[in-house]
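Since every read-out is calculated from the coordinates, none of them should be taken as a lab result. Model, not experiment: these values are computed from the prediction. When we count neighbours, we look across all protein chains shown, and the Cβ atoms used for this are built from the backbone with ideal geometry, even at glycine.
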Amino acid sequence: MLQLKFGLKRAATERPAFVMGIVNATPDSFYAESRGGVERALQLIREGADILDIGGESTRPGYTPVSVEEEVSRIIPVIQAVRRESSIPISVDTTKLEVFKEAFAAGADIWNDVTALSGAKKNNGEDEKSSDGTAASFGEPSRESALFIAKTGVSVILMHTGQAEVNEVSDFLGQRAVFCLANGVTSDKIILDPGIGFGKTREQNLNLIKAPLSICAGRYPVLMALSRKRCIGDMTGRPAEERLAGTLAANMISVQNGAKIIRVHDVSSTIDTLNVMKNLR
């Protein structure tokens, strides 16, 4: 039985990993089927998602930045509608503390921040490079953000961005985890994301998919977010719309190697795959 804490909620599954379903309340996310709001969120719950990840600003290459007000207007109605129907843990994908404060008030449990609390999105998302090729180019992490996480008891997903080998990703995320701990965040509220597709080479992506337990020596749960990304297309030669099989295979490898959460567009198919893995162990 796999057990983790998401915010103040304890969750358990007999499958080898938790399934986080993607809800993009945006008009421009790279995979069109993930776009939607309340209807998509409720459908993913019916399919069996363990967690929802709701985003109101795309991180795709060439994304259009949106204001705090616009981002809030996109995600809050979705969170409120989900909360009327379900107690499922809700993650919010945002780089802005102001947005997450509103999301928390509406019922969110997890802050999913691609800048690892730096708050300044200089990287445009999948397969884009930051100025010096590392996540550190985002600048120093925000103490205000860490203190808010500690005060409210929410969980935080810290992501690495930029070109880096497995040991460099581990070092960076370890430093960000230590920063959180120093500001009162408890270790059971920290989740690490190696940032598949965010500025990394093909080889770096593949090595990270195979090495979740090498990230901070397995001290924190690792989330793998590779669903339908370009690295899957590089291996299969297929566009995003045809990358389900490749995504399922890559996620299976990552789970076998220690990933505890997989962030996906296709919840039902992913659960089927995990159920087969569970029964063949």
About the Cα centre of the chain, what is the dipole size in debye to 20, counting +1 per Lys and Arg Cβ and -1 per Asp and Glu Cβ, all else neutral?
660
Residues Arg243, Arg219 arranged by fewest to most Cβ contacts within 10 Å:
Arg219, Arg243
Rank Lys96, Lys229, Lys151 by mean-square fluctuation in a GNM of the chain with C-alpha springs under 10 angstrom and give only the top-ranked residue.
Lys151
Suppose every Lys and Arg Cβ carries +1 and every Asp and Glu Cβ carries -1, with no other charges. What dipole size does segment 143-203 come out with about its Cα centre, to the nearest 20 debye?
220
Are any of the pairs Lys101/Lys210; Lys96/Lys210; Lys200/Lys229; Lys9/Lys101 more than 24 Å apart by Cα-Cα distance, and if so, which?
Lys101/Lys210; Lys96/Lys210
Checked against the positive end of the charge dipole of the chain (+1 on Cβ of Lys and Arg, -1 on Cβ of Asp and Glu, about the Cα centre), the farthest of Val72, Gly162, Gln43 is Gln43
Taking Lys and Arg as +1 and Asp and Glu as -1, residues besides Ile88 with C-beta under 10 Å from its C-beta add up to -1
Positive dipole terminus of segment 2-280, leading residue within Leu206, Gly55, Thr270 (C-beta point charges)
Thr270
Taking the reciprocal of mean 1/r across every pair of different Cα atoms in segment 2-280, the Kirkwood radius in Å is 18.3
Mind listing the phi-derived Karplus ³J(HN,Hα) values for segment 109-117, rounded to whole Hz, using 6.51, -1.76 and 1.60 with θ = phi - 60°, and x for any glycine or proline?
10, 9, 9, 9, 10, 5, 9, 6, 6
Which ordering of Asp50, Asp234 is given by a fewest-first count of other beta-carbon atoms within 10 Å?
Asp234, Asp50
